[in-house]
Amino acid sequence: MMTFVFKRVLFGLTTLVLASAVVFAMLQVVPGDPARLMLGMNATEDQVQVLREQMGLNQPLVLQYLDWAGGLLRLDFGRSYTYSVEVSELVGERLAVSLPLALISLGLSTLVAIPLGIYAASRRGKTADAVSMGAAQIGMAMPNFWFALLLIYVFAVWLRLVPAGGFPGWSAGVWPALKALILPALALALPQAAILARVTRSAMVEVLGQDYIRTARAKGMTARSVLWRHALRNALIPVLTILGMQFAFLLAGTIIVENVFYLPGLGRLVFQAISQRDLVVVQSVVMLLVAAVILVNLLVDLSYALVDPRLRGNR
Amino acid sequence: MKTIGRLTAVGLLAVAISGPAWAARTDLVLAMPLEPPHLDPTASAAAAIDEVFYANVFEGLTRIGERGEVLPGLAESWTISDDGKIYTFKLHSGVKYHDGTDFDASDVKFSLDRARGEKSVNAQKALFSAIDTVEVVDPLTVKVMLKQPQGSFLYNMAWGDAVIVAPESADTNKEKPIGTGPFKFQNWAKGSSITLVKADGYWGSPIFLNKAEVRFIPDAAAAIPALLSGDVQALPNFPLGDALPQVQADPRFKVVIGSTEGETVLATNNKRPPFDNLKVRQAIAHALDRKAIIDGATGGLGTPIGSHFAPHNPAYVDLTGTYPYDPAKAREVLKEAGHPNGFKATLKLPPVGYARLGGEIIASQLREVGIDLQIIPVEWPVWLKTVFTDKDYDLSIVAHTEPNDIDIYGRKDYYFQYDNPAFDKVIADLNLTSDETKRTELYKQAQKILAEDAVNGFLFELPKIGIWDAKIEGLWQNSPIQANDLTKVKWVE
Amino acid sequence: MSFASPPTTLARPTGLRLLASRTFVAGAVLTGLVLLTAVMSLVWTPYDITRLVVADRMQPPSFAHWLGTDHLGRDILSMIMLGARTSIAVALVAVGIGVGIGVPLGAYAAARGGFVDEALMRFNDLVFAFPSLVSAIMITAIFGPGAVNAIIAIGIFNIPVFARVARAGALSIWPREFILAARAAGKSDIRITAEHILPNIAGLLLVQASIQFALGILAEAGLSYVGLGAQPPMPSWGRMLYDAQTVMLVAPWLAVFPGTAIMATVLGLNMMGDGIADALDPRARGRR
């Protein structure tokens, strides 16, 4: 078991190093000069050079990379060109939006999808099954930014229950902040819930077909207690896997929905940083996201290994 | 279907109107499309910084008024020597920075020297190029010596890039701006908003608002719901275009269309064939239907221009008829130019609504006369690099928003690559002329030369589209400079 | 050589089961309709959308314009038809990249095992670890926005998906008896893969392809929505939605039609995928 963990961690670290090189290399070939961008059309070339010098952009690339990567090792993510503050500070501010948003939408989708999936599985082949899985199909097919627009016009413009977008900050109070996150969380939760409901249902159907469940039924346990006590527990692994993947996705995959609601989240930070050529921010945030994905994958792998010792060897 | 749309809109309005009434409010939430990269107006070209802080938090020796006039700022008066080379400014007394330190003449010297110094990263360094030395006479008097007379000096000192900052806070203004204005900076929630609050003991006339929050909403699609839902009460300068009809009929809001200094042109690479041929440029001019372009790109609100000059300027001449819209004529001229079957070219478009929309329309119009344009959308960094700096482009669309900037056509390395000694002569004369009538005459000549040479496709003056709560007064109608002056803004019942 | 010809998974009984599946048929009809409009747009659209008639802008649906016109006076029906082409082309080529590179990689890794297999899995980890949307944005920042670059951005992330499916599928086939027999007959790994492995995992790959195709349609719409997908004058459903959202109250039809088109396509593809999966594995029927 220890060698397995060790091996996985080692792979994770290798991936991180490779990823840092890939990200750095990619950003070097992005056209556009951050210094010229900051100074605009009326500045002279000499002025641009002065600023480039100040920003450390005139150093050799290898030095720039080692400088940045070395900083990462010391948990120093560098300084944003455009905002001229520490990247860690920026990321901290953005995570205060992205993390709760991810958790809320994950919570919402879990709350709806798992019961729905179980219910559909228990009604397999009946109308209720068809209706709920049909709904899940539609949920998967609807572009979330389109759904977001619909939500805005109904709940913000028409009913005026929540703000149409933006984020007041947690300093404005927990309730106003939560209110600002409800619609984006809903928009993000819809496709996630649809997928989760389908996975839950098929996992349940699979488990319900197993021998030991039939045995339990034969031994006289009620359908309900079989469902909850045996089947659900065993169907949990694939469901948790999907949840882990969705969480990792939600941390940065929300750019489009963040744009619709103009939320100051991590996704939009990267989006803006790319268009403003704030390379340090892009590099560091991408690395953080890569690290998050690797960590989540590691945890999922470990949980597999714990459940099924056969998997410890390979994979 | 249209009626259904209308009915829905009316229904939504009815619900919206029943919202709470705002009586004698002293707070305001306004929205802007772009967020400042940092908060120091003396160290960036970003207009967004000035749009938050100009006149509100930072002040200069002089300032620009709503109609573009130069007004006294921190300098209550000034005298100019007879040779036009020495400006002596008398400063207001009792002015304090928001951190409690006193403002005096040494701050003026510090700010001007910093802006024109070797290490300066001021984006408009050219504004200070005429300054020879700055001298502190006494704490309330400062003398500026120029290398040569400069007619626009007082105007230059009114730019947002020329505001006066204190040596104690100059280096930290990017994060925590300290100025002398009636509002002080309170908080910047990055990616979201900037909050300003009333400053205590302001030296000038008192303001009405206690708190102003500027929210950053990237596009009209998000701004309209924010306005309709009441989250935001003013969009002072927002490229709304097509979205305007949604709010125009709504009595809760005031729609105010004003002017800007943004001449929007189909920028043309005058040195690159076939655009080095006057006939080709004339043909393009004949092929452009300004009305359709204005309707499609600005929701019909732009003012057509025939040269590079703002229509509200007294020296403006209407030259839109120089090469009137006439596709048949365009084809004919193109044939004379030696392109009977037209040609292919590229059109590089920066990421702004008027350019992207206008570009599609122009591509369609030029295709009618045989010119096949390939649209290449680019981001600003790429535009600045390839089009503006490297001059690697055929055509582009951009609004030149600097006021009174016809002289850019005389710059040899400018990206239009235009070179006409007759025009240069006019600009040189202008720099030596101070008589207003003569200046007006010269400006008119300059406009005519550009129009006849069809240097660029002259399209329209960018409109300033403002929408705000009908109970708000004091926001600017026009945009003579990049600013949202909140010093006169108040709620009325 | 009695067991020379193994049953392939897409043989006739599967085909019949497919036709019997209502999910598959409904999905196929929807997808077919979209494909048909896309193909039709190659030869005919009601209007030429490169000729803008700004004077006719934002008209509601009428006899002249069945689905109305947009902010530049273009016919929405024509735009939807041409947009179908863009969406399908982008998603299909992206799937092609995934299949073309991922499947050989996965099959090779399964055949070779050992270090090669390990290296492939690590490469997969690397690509999977990158946030896909952020990477897509970086790719378009490098090459500029456009349909081709959207294809690359989406296609790259399809590679590990297909590699993984192909590898897992191939690994489950390799120990089977008929493979051992083929080996005994002296066939090379490459030949066995081509003749026996690939036909047997074709069904699995088809299911995955339909899923990635649907995801590709959504990804293209998303990229276009943030301005990084297909560029004007090439219409795109995502771009149409972006343009429509500023006029939701005055011209709701502009948002309704492209949105419906996206949903119908994705729905059709997903249902087809479900149908194929059910037909491949009758025991799992209804599991999905």
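Each reported figure results from applying straightforward, stated rules to the coordinates on display, with no laboratory input. What you see is a predicted model, and the numbers here were worked out from it, not measured in a lab. Positions of Cβ are generated from backbone atoms using ideal geometry, with glycine treated the same way; all protein chains shown enter the neighbour counts.
Compute the semi-axes of the equivalent ellipsoid of chain A, taking the square root of 5 times each eigenvalue of the Cα gyration tensor, and list them largest first in whole Å.
Semi-axes (√(5λ), whole Å): 44, 27, 14.
B:E175's amide H: which non-local residues (gap 5+, or another chain) put their own amide H closer than 5 Å, with H modeled 1.01 Å from N in plane and none for Pro or chain starts?
B:L39
Out of C:G73, C:L133, C:V90, whose Cα points farthest toward the positive end of the dipole of segment C:33-163 (charges: +1 Lys, Arg; -1 Asp, Glu; placed on Cβ)?
Going by the Cα projections, it comes out as C:G73.
Any chance you could check the Cα centroid distance between segment B:431-493 and segment A:1-52 for me, in angstrom?
Centre-to-centre distance over Cα atoms comes out at 42 Å.
About the Cα centre of the protein assembly as shown, how large is the charge dipole given +1 on each Lys and Arg Cβ and -1 on each Asp and Glu Cβ? Please answer in debye to the nearest 20.
My answer is approximately 5620 debye.
Which Cα, out of B:T298, B:A267, B:N277, lies furthest along the positive dipole direction of segment B:260-463 (beta carbon charges, K/R +1, D/E -1)?
Most positive-ward Cα: B:N277.
Using a Gaussian network model of chain A with C-alpha springs under 10 Å, which one of A:L295, A:L178, A:L63 is most mobile by mean-square fluctuation?
Result: A:L63 has the largest fluctuation of those listed.
Where both residues lie in the protein assembly as shown, what percent of DSSP beta bridges are antiparallel, nearest 5?
75
Quick check: from the Cα gyration tensor, does segment A:1-107 come out rounded (a/c under 1.5), prolate or oblate?
oblate
Just to be sure I understand: with springs between alpha-carbon atoms less than 10 Å apart, which residue in A:G56, A:G70, A:G107 has the highest mean-square fluctuation in the Gaussian network model of chain A?
It is A:G56.
If amide H atoms are built 1.01 Å from N in the plane of the peptide, which residues on other chains or at least 5 residues away come under 5 Å of the amide H of B:T141?
Correct list: B:L91, B:A105.
In percent, how large is the relative contact order of segment C:13-284, given Cα pairs closer than 8 Å and 6 or more residues apart?
In percent, rounded to a whole number, it is 28.
Cα-based count: Lys pairs in segment B:351-493 below 16 Å, eight or more positions apart or different chains?
8
Each residue of segment A:256-268 in order: what ³J(HN,Hα) in whole Hz does its phi give by Karplus 6.51 cos²θ - 1.76 cosθ + 1.60, θ = phi - 60°, with x for Gly and Pro?
Karplus-based 3J(HN,Hα) across segment A:256-268 equals 5, 5, 4, 5, 4, 9, 5, 8, x, x, 5, x, 6 Hz.
Which whole-number percent is the relative contact order of segment B:232-385 (Cα, under 8 Å, 6+ apart)?
Rounded, it is 22 percent for segment B:232-385.
Out of all DSSP beta bridges with both ends in chain B, state the antiparallel percent to the nearest 5.
Of those bridges, close to 75 percent are antiparallel.
For segment A:27-115, with the dipole built from +1 on Lys and Arg beta-carbon atoms and -1 on Asp and Glu ones, taken about the Cα centre, which of A:V112, A:N58, A:L72 lies farthest toward the positive end?
Result: A:V112.
Of all DSSP beta bridges located in segment B:260-463, what percent are antiparallel, nearest 5?
For segment B:260-463, the DSSP antiparallel bridge percentage is about 55.
Taking amide H positions as placed 1.01 Å from N in the peptide plane, with prolines and chain starts having none, which residues 5 or more places from B:L266, or on another chain, fall under 5 Å of its amide H?
Those lying under 5 Å, H to H, from B:L266 are B:G457, B:F458, B:L459.
Could you give each residue of segment C:175-183 its phi-based ³J(HN,Hα) in whole Hz, using Karplus coefficients 6.51, -1.76, 1.60 with θ = phi - 60°, and x for Gly or Pro?
x, 5, 4, 5, 6, 4, 5, 4, 4
Dipole size in debye (nearest 20) for chain B around its Cα centre, Lys and Arg Cβ +1, Asp and Glu Cβ -1?
Around 880 debye, computed over chain B.
Relative contact order for chain A using alpha-carbon pairs under 8 Å, separation at least 6, rounded to a whole percent?
Value for chain A: 26 percent.
Considering every residue in B:360-371, what mean count of other chain Cβ atoms within 10 Å of its Cβ is obtained?
Mean partner-chain Cβ count within 10 Å for B:360-371: 3.
Suppose we keep just the alpha-carbon trace of chain B; what are its Rg and Dmax in angstrom?
When restricted to Cα atoms, chain B yields Rg and Dmax of 24.0, 72 Å.
Once phi is turned into θ = phi - 60°, what whole-Hz ³J(HN,Hα) does the Karplus curve with 6.51, -1.76 and 1.60 give for every residue of segment C:205-213, x standing for Gly and Pro?
5, 5, 4, 4, 4, 5, 5, 5, 4
Please build a GNM for chain C, connecting alpha carbons under 10 Å apart, and tell me which residue among C:F213, C:F130, C:F24 fluctuates the most.
Result for chain C, Cα springs under 10 Å: C:F130 fluctuates most.
Could you list A:R79, B:R252 so that the one with the fewest beta carbons within 10 Å of its beta carbon is first and the one with the most is last?
Listed from fewest to most nearby Cβ atoms, that is B:R252, A:R79.
Ranked by Cβ crowding within 10 angstrom, fewest neighbours first, how are C:L204, A:L266 ordered?
If I rank by nearby Cβ atoms, fewest first, I get C:L204, A:L266.
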